[in-house]
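Reviewing the structure listed below.
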Amino acid sequence: MPDVSLIRSELLAWYDAHARSLPWRAPPGAGTRTEPYRVWLSEVMLQQTTVPHATPYFHDFTRRWPTVSDLAAAPDAEVMAAWAGLGYYARARNLLACARAVASDHGGVFPDTEAGLLALPGVGAYTAAAVASIAFDRAANVVDGNVERVMARLFAVETPLPAARPELKRLAGQFITDDRPGDWAQALMDLGATVCRPKSPTCGVCPLTDQCLGFAGGAPERFPIKTKKAERPHRQGVAFVMIDAEGRVALERRPDKGLLGGMMGLPTSDWSASPTGAPPVAADWREAGAVEHVFTHFSLTLSVRTARVEGGGDYEWMTVEAARAALPTVFAKALDRAGEPALI
């Protein structure tokens, strides 16, 4: 079986030499910790997205709102617009709820324990463990997809995901000590992200190859074993792009609850197998093609219709450039499909 003590020492030594330089991270073994606000913000942003994609958003947020109290005081619409493109928009609402709870209930200071962090709105078990470990050097079991993959390969876990998750968390828990818990959590994350990758792991440069049962079996890439996912359903809808005489586009605020809740959007029909819904106003509507978009639980074909209309109504009228910056990706695609206002 893998030697827990040896794995810890070898992986921490590897991390000291090869840690990624990330804007929300303190150097390994430096004796300093990253400010909790930056750790928390980065962890929320990195859920379901990649470091290269999240990094410019992190820079933008920390420039505009340098502290959690600054973020707490920001208008909802500004934060939602700044989040556009990161997806999973309920996270942006939870982000604000958490920031406001820290500002109002904790004097702008994050709780320094896993239990205290978990009590904050919108903070789940993973985020609480990550912030406790990385920001406060608490001994917490931080398990994300990278850590699950490393554990599944180290121990050649045959149970498929998602059923294997409790076992993988238990295996990861064996390595948790009071010695450098923040560095340990980030070392595992870095190993999974850069070496023990989902496809084509680079086992030749891995510090744990001699301890890895998956490697010993000759096919580490087969772990973690996954249950075949059900086919993603497909929906259709129509997006209506209305342009006024000044070249501005009509947007509306989506309901707080539901898909893309609280975000700006184009007027649309419902999204279903057989969408229904008349255009929002009578006009000379023209077909502008369609865009494809994939959400977590379904894929979408969104037909785009365009028209010249008079301004007013219960809409927010923005320049095309401002609208594109404020819209989530699916609507930005539809706006681009509509073409330049002069061509509508």
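The values are calculated or read from the model by the stated rules, or taken from the named source; none is laboratory data. Since we're looking at a predicted model, the values are computed, not measured. Neighbour counts are summed over all protein chains in view; Cβ atoms, including those assigned to glycine, are modelled from backbone coordinates with ideal geometry. Quick note on the areas: whole protein, heavy atoms, side chains included, nothing else; ligands and nucleic acids left out. Shrake-Rupley method; radii C 1.70, N 1.55, O 1.52, S 1.80 Å.
Remarks
- Test: residue in the range 315-325 that is over 17 Å from Arg253 (Cβ atoms) and basic (Lys, Arg): no
- Counted residues, the range 300-317 - those being closer than 21 Å to Glu287 by Cα and modelled with pLDDT of 90 or more: 10
- Candidates Val68, Val44, Val79: the one that is open to solvent by less than 30 Å² (accessible area, probe 1.4 Å), touching a residue at least 12 places away in the same chain (Cβ under 8 Å) and over 17 Å from Trp24 (Cβ atoms) is Val79.
- The lone exception for Ala84 - which of (1) surrounded by 14 or more Cβ atoms within 10 Å (Cβ to Cβ); (2) touching a Pro at 6+ places or on another chain (Cβ under 7 Å); (3) over 16 Å from Pro328 (Cα atoms) it fails: (3)
- Conditions (1) more than 16 Å from the chain's Cα centre (by Cα); (2) modelled with pLDDT under 90; (3) under 21 Å from Met189 (Cα atoms); number of the one not met by Arg20: (2)
- For the range 150-178, a tally of residues being without any contact (Cβ under 8 Å) to a residue 24 or more places away in the chain and open to solvent by 60 Å² or more (accessible area, probe 1.4 Å) returns 4.
- Hey, Gly277 under 22 Å from Ala81 (Cβ atoms) and assigned to a loop (DSSP other than H, G, I, E, B) or not: no
- Looking only at residues in the range 216-232 that are open to solvent by 60 Å² or more (accessible area, probe 1.4 Å) and outside any loop (DSSP other than H, G, I, E, B), the one that is farthest from Glu10 (Cα to Cα) is Lys226.
- Yes/no for Pro224 being at pLDDT 95 or above and under 23 Å from the mean Cα position of the chain (by Cα): yes
- Every listed requirement among (1) hydrophobic (A, V, I, L, M, F, W, C); (2) in contact with a helix residue (DSSP H, G or I) (Cβ under 8 Å, 6 or more places away or on another chain); (3) open to solvent by 30 Å² or more (accessible area, probe 1.4 Å); (4) more than 24 Å from Pro328 (Cα to Cα) is met by Ala73 save one, (4).
- From Ala17, Ala26, residue being small (Gly, Ala, Ser) and surrounded by 20 or more Cβ atoms within 10 Å (Cβ to Cβ): Ala26
The rows are residues; the columns are (1) open to solvent by 70 Å² or more (accessible area, probe 1.4 Å); (2) of a type in the set (Phe, Trp, Tyr); (3) closer than 19 Å to Tyr89 by Cα.
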site	(1), (2), (3)
Gly247	no, no, no
Glu252	no, no, yes
Lys257	yes, no, yes
Thr268	no, no, yes
Pro275	no, no, no
Ala290	no, no, no
Val294	yes, no, yes
Thr306	no, no, no
Gly313	no, no, no
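- Filtered by the rule that a residue be at pLDDT 90 or above, over 23 Å from the mean Cα position of the chain (by Cα) and not hydrophobic (A, V, I, L, M, F, W, C), the range 248-274 gives Arg248, Glu252, Pro267, Thr268, Ser269, Asp270, Ser272.
- Top-ranked residue of the range 318-342 - restricted to ones that are over 29 Å from the mean Cα position of the chain (by Cα) and touching a residue at least 60 places away in the same chain (Cβ under 8 Å), ranked as farthest from Val281 (Cα to Cα): Ala342
- Inter-residue pairs, beta-carbon under 6 Å, first within 13 Å of Ala99 (Cβ to Cβ) and in the range 114-132, second part of a helix (DSSP H, G or I) and open to solvent by 60 Å² or more (accessible area, probe 1.4 Å), 6+ apart: Gly122/Asn94
- Residues located in the range 133-149, provided they are open to solvent by less than 40 Å² (accessible area, probe 1.4 Å), in contact (Cβ under 8 Å) with a residue 40 or more places away in the chain and closer than 24 Å to Cys212 by Cα: Ala140, Val142, Asp144, Asn146, Val147, Glu148, Arg149
Conditions (1) in contact with a Pro (Cβ under 7 Å, 6 or more places away or on another chain); (2) open to solvent by less than 10 Å² (accessible area, probe 1.4 Å); (3) on the phi > 0 side of the Ramachandran plot; (4) in a helix (DSSP H, G or I), marked per residue:
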| site | (1), (2), (3), (4) |
| --- | --- |
| Trp184 | no, yes, no, yes |
| Ala187 | no, yes, no, yes |
| Asp190 | no, yes, no, yes |
| Gly204 | no, no, no, yes |
| Pro207 | no, no, no, no |
| Gly214 | yes, yes, no, yes |
